[in-house]
Each structure stands twice: as C-alpha cells, then as structure tokens.
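Below is one structure, written out as structure tokens; the observations come after it.
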Amino acid sequence: MTMRLPRTGAGPSRLVLLRTELSVRDEEILAFLNDHRYATTTHLRDVFFAEHATLTAGTRACIRVLHRLLHNRLIARLERRVGGTARGSAATIWYLDAAGERLTRPEGARRRRFAAVSTPFLAHTLTITDTHVALIHRARSGAFAIERVDLEPNTWRSFVTSAGTAWILKPDLFAHLTTDEYDDLWYLEIDLGTESIPVLLAKCRTYAAYKATGRAQAEHGVFPGVLWIVPTPRRVQRLADAIHADPALPNRLFTVITPDQLAATISPADTRPSSLRKEEP
C-alpha cells in the first residue's frame with residue numbers, strides 16, 4: 001500500500017520519506033513540472049500515460065497518480081482552469097508544491113515559486129508545454145527521435161554583438177531532433193498575438209546578431225533554424241512579410257507557421273540549413 005503522509009511542512013525527514021515512495025514515473029512528472037512550471041492533466045496524461053488502451057483509461061490513471069502527489073504536497077493545482085476543449089479534471093493546471101519544489105531543487109539553488117502568475121504569462125507557458133507535448137507525439141509516430149529539448153532559462157545565451165553591445169538571446173524552446181540520416185536543430189518561439197510585429201522583428205534581429213558571432217555554429221555545427229509559431233494564418237503572413245522586407249534579416253533563417261503545421265514542418269530533412277547529415281560510420 002502506498003504511504004499517505006500527513007500534509008505538513010517539507011522538512012528534511014519528510015522529504016526523505018517522500019523520496020523513498022516515489023516511482024520513476026512520479027519523479028519524471030515532478031521533473032516535467034519543474035521544467036515547464038505549469039502543465040494540465042491532459043499534458044501529463046499524454047506524456048506519461050500514453051500506454052493505456054483508451055484516453056479515458058489513461059486519464060483515470062493519470063488523475064489517480066496526480067491526486068496522490070497532491071495529497072503529499074508534491075504538486076498543487078491552480079484555482080483557474082485552462083480553456084479550449086478540455087473539460088473537468090483534464091483542464092486542471094498543475095505546478096510544484098512545497099515538497100515537490102524542494103525535491104527537484106538543485107543543491108544550493110534558491111526556492112522557486114510557481115502559483116502567483118498573470119494570465120498572459122500562464123497562457124504563454126502552457127502553449128510552450130503544448131508545443132513540447134506535440135513534439136513528443138510526433139516523435140512517437142517514428143518521424144524522428146528527440147535528442148534534447150531545452151526550456152528557459154537553459155535556452156538563454158548571452159553574447160556581445162559586433163558593435164560591442166551585450167545582449168541575451170532567450171528562445172522559448174530549443175529542440176535537437178534526429179533520424180538515422182540527419183540531426184535537425186531548432187529555436188522555437190511561441191507567439192500568442194499579444195506583441196506587435198516590430199517587437200517580434202526585434203527578436204529576429206537578436207537571432208541574426210547571435211548567428212553573426214558564430215557561437216551557435218561552434219556549439220552545434222550549424223546554426224539552428226528559428227521557428228515562429230503564431231496563432232493565425234493572417235499573423236503568419238504579416239510576420240513573414242515583415243521578415244522578408246527587412247534587409248538585415250536572412251530570410252532562410254526564419255520559418256513562420258501556425259500550431260497545426262508543426263508536425264509537417266519540424267521533421268529533419270536535407271532541405272534546410274539547420275539540418276546536419278550524419279557521417280557514415
């Protein structure tokens with residue numbers, strides 16, 4: 001029988017007991033929430049309970065596990081729920097509670113707080129989680145394998161421009177995908193239509209400036225493609241036109257799509273400058 005610990009503080013002795021009760025999947029769920037900050041029941045079901053015969057069975061199993069983790073203050077849920085087609089428990093938004101945050105916190109790191117966030121920040125964060133889950137879905141189809149996915153702040157790169165100005169590049173996601181023949185690398189930017197096109201162009205110029213340093217090419221062997229995921233076809237056209245009209249921006253560096261085009265766009269191929277053909281053994 002699984003131990004049901006009292007809902008007390010996250011002291012050292014309680015953390016030791018909790019750690020002994022965690023399954024590998026429990027630890028992976030906590031790590032996922034630590035990386036993403038927020039995820040819905042549907043996200044967690046699709047990533048960690050995909051082996052069940054039906055969505056209903058997977059959802060029920062997922063909710064049982066989440067409620068156990070909730071009981072032990074490893075995770076908590078927001079009062080608000082996500083919009084869209086999800087209903088009921090599947091629409092619940094989860095984050096790390098005190099004990100879960102403590103168990104996933106690196107030695108010497110400061111405590112992170114997850115609960116109090118603005119609605120725009122939460123929407124953006126959940127859309128990043130959507131995108132990562134979509135990559136996992138696509139990988140399960142056999143289109144590619146996921147070598148690595150980084151999230152902020154692990155995606156950040158500080159650099160100095162040719163003019164001597166210190167800048168920081170802050171991609172929402174970095175993805176390294178592989179097939180038997182290719183490695184493909186992407187910086188992904190999630191736009192919900194809340195920023196002006198000039199603001200997005202300014203970030204494009206940051207990518208161009210970082211590319212000019214050669215640092216990413218030295219790290220990866222190629223400069224990753226920059227994939228903008230925007231909410232509507234009209235915004236795709238507006239951003240793509242603005243990039244094309246800016247003489248300082250290399251057009252082939254940027255791809256602009258809507259979320260439904262992700263699967264068709266992201267698969268490694270030799271037609272993009274962000275793809276590396278693997279050497280013969």
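Bear in mind these aren't lab numbers, they're just calculated from the coordinates by the rules spelled out. Here the structure is a predicted model, which is why all the values come from computation and not from measurement. When we count neighbours, we look across all protein chains shown, and the Cβ atoms used for this are built from the backbone with ideal geometry, even at glycine.
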Subject >> ³J(HN,Hα), Karplus 6.51/-1.76/1.60, whole Hz, each residue of region 37-45, x for Gly, Pro >> reply: 6, 9, 8, 8, 4, 4, 4, 5, 4
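Taking neighbour Cβ counts within 10 Å as the exposure measure, how do 51, 21 sort from fewest upward?
Working: 51 8, 21 14.
Least crowded to most crowded, the residues run 51, 21.
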Subject >> FRET efficiency estimate (nearest 0.05) - Cβ-Cβ, residue 25 to residue 137, R0 22 angstrom >> reply: 0.75
Subject >> Long-range amide H partners of residue 189 with built H, under 5 Å >> reply: 227, 228, 229
Subject >> Charge sum, other residues only, whose C-beta stays under 14 Å from residue 30's C-beta, Lys/Arg counted +1 and Asp/Glu -1 >> reply: +1
Original post:
Given only helices, namely DSSP H runs of n ≥ 4 each adding -39500 (n - 2.57), what is the per-residue ellipticity at 222 nm of the chain, to the nearest 500 deg cm²/dmol?
Top reply: -13000 deg cm²/dmol
Subject >> Neighbour-count ranking [beta-carbon atoms within 10 angstrom, fewest first] of 181, 101, 79 >> reply: 79, 181, 101
**OP:** Beta carbons within 10 angstrom, averaged per residue: use that to sort the peptides 191-197, 169-175, highest first.
**Re:** 169-175, 191-197
**OP:** Compute the relative contact order of the chain as a whole-number percentage, counting only Cα pairs closer than 8 Å that sit 6 or more residues apart in sequence.
**Re:** 14
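For a quick protection proxy, order the peptides 37-43, 61-67, 238-244 by their average other-Cβ count within 10 Å, most packed first. All intermediate terms of the calculation are to be shown ahead of the outcome.
Details: 37-43: 23.4, 61-67: 17.4, 238-244: 15.9.
Listed from highest to lowest mean packing, they are 37-43, 61-67, 238-244.
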Subject >> Where labels lie 7 Å past Cα in the beta-carbon direction, separation of residue 238 and residue 168 in nm >> reply: 2.8
Original post:
residue 192 to residue 263: extension gain in nm, 0.36 nm per residue of separation minus the Cα-Cα distance?
Top reply: 23.7 nm
